[in-house]
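The values are calculated or read from the model by the stated rules, or taken from the named source; none is laboratory data. Since the model is a prediction, treat every value here as computed from it, not as a measurement. Here the Cβ positions follow ideal geometry from the backbone for every residue, glycine too, while neighbour counts run over all protein chains shown. Remember, those area values only see protein heavy atoms, side chains included, never the ligands or the DNA or RNA. Shrake-Rupley method; radii C 1.70, N 1.55, O 1.52, S 1.80 Å.
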Amino acid sequence: MIKLYQFIHSSIFVITIVSVGIVSLANKPLDMNAIKETTVLNGETARALETNYDEKLSIKQFAVNLWAAVEYRLFNEGKQGLVIGKEGWLYTDEEFKSSEKSQWALQNNLSFIKWINKEFSKRHVNLIIVPVPAKARVYADKLNKDKPDNLHINTYQVLLTELRAASVHVADSYQAMQRDKKSHAQFLKTDTHWTPDGAKAVANHAAQYITSKTKMELVTNEYVTERKQTKELKGDLFNYLPLSPWFEDLLPDSDQITLYQTYQASDEAVDDLFAETSDTVALVGTSYSANPNWNFEGALKQALSTDIINYAEEGQGPIKPMMRFLQTYETEMPDLKLVIWEIPERYLSVAYQDVYAKREAMEINDTLIAKEFKPTLNL
């Protein structure tokens, strides 16, 4: 009975907006005669063409919005790339679907992480992996009929099992987010990223893990986190629901996000030229670490009570920034002791072939150097 009601309601909605569209188009015919009757000398032709062009764009925009509204309300779907959950929750389909290369990419990325760990170990640098679990994993209870495929269901456990078997330190962020989820939202409803509370939960857990697994002496400082403001954030997943401007009211509510700033307690939120800093800890990762909206860097500083140099990059995934850091850090951070590498689970099945090629070239070069300096025996 409920499904029948929903179908009738959706059908009425579709008929209504289509009718509105037809009426709107009928009331705005393209006036080609007006264009023909104008003259070039007085510039009226240009204005008429501009008006005509704007009207065509307006009609096109309405058509795009109309079709998106039909898909959203009738079929509960958005553009390709979006998965719609319950109660206004939106997800990227990167957490649900695999390509033919996904398994191959996963294995290559895990192999790359193991190799990076060995490279840092040679230089007596500790590496801690901080995975960001998939939003669809942490908030599986907000999913509708769409479920992640087998590869994505197993990715997080494969990550923990394989890396720990290779003696790579991995902080289990999923458990931390699950615990904190009861009192604080861990992910934004309309965005692919975590909330500042989710970032803080993971930072606190990572700091505890680092303390228990390493015996490093770091320069310590007291850090304070201050609440700055609350603002509306239109999530990046709204890009897959092109309902604006005609049917913007149908969109889920935007997220409200509280912004924070972390600073040394002695600094009082201003730069202090004499404050004791350290270049021994680096943070590498993605927009989860680079974007100040989430304050992951600040939460880590406060949890570890030490300064952190942030090398995270937006829009590059986790693998490329790490390769760049590996090739440059000895000049920029000669006293490096600890690297915290933030890796979103959903990027582990993405191939980074140019990075794999660089790694192969570096391995070949290391082999040649080893052979060149191999001692010979005089018999």
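Each residue in segment 238-253 was checked for being modelled with pLDDT of 90 or more and either touching a helix residue (DSSP H, G or I) at 6+ places or on another chain (Cβ under 7 Å) or open to solvent by less than 100 Å² (accessible area, probe 1.4 Å) (or both), and 2 pass. Any residue in segment 80-90 that is under 30 Å from ALA282 (Cβ atoms) and either within 18 Å of the chain's Cα centre (by Cα) or surrounded by 14 or more Cβ atoms within 10 Å (Cβ to Cβ) (or both)? Looking through segment 80-90, none of the residues is under 30 Å from ALA282 (Cβ atoms) and either within 18 Å of the chain's Cα centre (by Cα) or surrounded by 14 or more Cβ atoms within 10 Å (Cβ to Cβ) (or both).
Residue check: is ASN293 in contact with a Pro (Cβ under 8 Å, 6 or more places away or on another chain), farther than 15 Å from ASN117 by Cα and surrounded by 17 or more Cβ atoms within 10 Å (Cβ to Cβ)? Considered against the rule, which asks whether it is in contact with a Pro (Cβ under 8 Å, 6 or more places away or on another chain), farther than 15 Å from ASN117 by Cα and surrounded by 17 or more Cβ atoms within 10 Å (Cβ to Cβ), ASN293 comes out as yes.
Being of a type in the set (D, E, K, R), crowded, with 18+ Cβ neighbours inside 10 Å, closer than 22 Å to SER111 by Cβ and touching a Ser or Thr at 6+ places or on another chain (Cβ under 9 Å) is a condition met by at least one residue of segment 336-343.
The rows are residues; the columns are (1) under 20 Å from LEU304 (Cβ atoms); (2) in contact with a strand residue (DSSP E or B) (Cβ under 7 Å, 6 or more places away or on another chain); (3) among the hydroxyl-bearing types (Ser, Thr, Tyr).
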{"site": "THR161", "(1), (2), (3)": "no, no, yes"}
{"site": "HIS169", "(1), (2), (3)": "yes, yes, no"}
{"site": "SER173", "(1), (2), (3)": "yes, yes, yes"}
{"site": "MET177", "(1), (2), (3)": "yes, no, no"}
{"site": "PHE187", "(1), (2), (3)": "no, yes, no"}
{"site": "HIS205", "(1), (2), (3)": "yes, no, no"}
{"site": "LYS215", "(1), (2), (3)": "yes, no, no"}
{"site": "LYS231", "(1), (2), (3)": "no, yes, no"}
{"site": "TYR240", "(1), (2), (3)": "no, yes, yes"}
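State whether the residues of segment 142-151 include one that is without any contact (Cβ under 8 Å) to a residue 40 or more places away in the chain and closer than 27 Å to THR211 by Cβ. Scanning segment 142-151, I find no residue that is without any contact (Cβ under 8 Å) to a residue 40 or more places away in the chain and closer than 27 Å to THR211 by Cβ, so the answer is no. Flag set for LYS101, criterion: in contact (Cβ under 8 Å) with a residue 60 or more places away in the chain and surrounded by fewer than 14 Cβ atoms within 10 Å (Cβ to Cβ). Number of residues in segment 112-158 that are open to solvent by 50 Å² or more (accessible area, probe 1.4 Å) and in contact with an Asp or Glu (Cβ under 9 Å, 6 or more places away or on another chain) equals 4. Of the candidates LYS114, LYS147, the single residue that is on the phi < 0 side of the Ramachandran plot and outside any helix (DSSP H, G or I) is LYS147. For segment 200-237, a residue qualifies if it is crowded, with 20+ Cβ neighbours inside 10 Å and touching a helix residue (DSSP H, G or I) at 6+ places or on another chain (Cβ under 6 Å), and the qualifying residues are LYS200, ALA201, VAL202, ALA203, HIS205, ALA207, TYR223.
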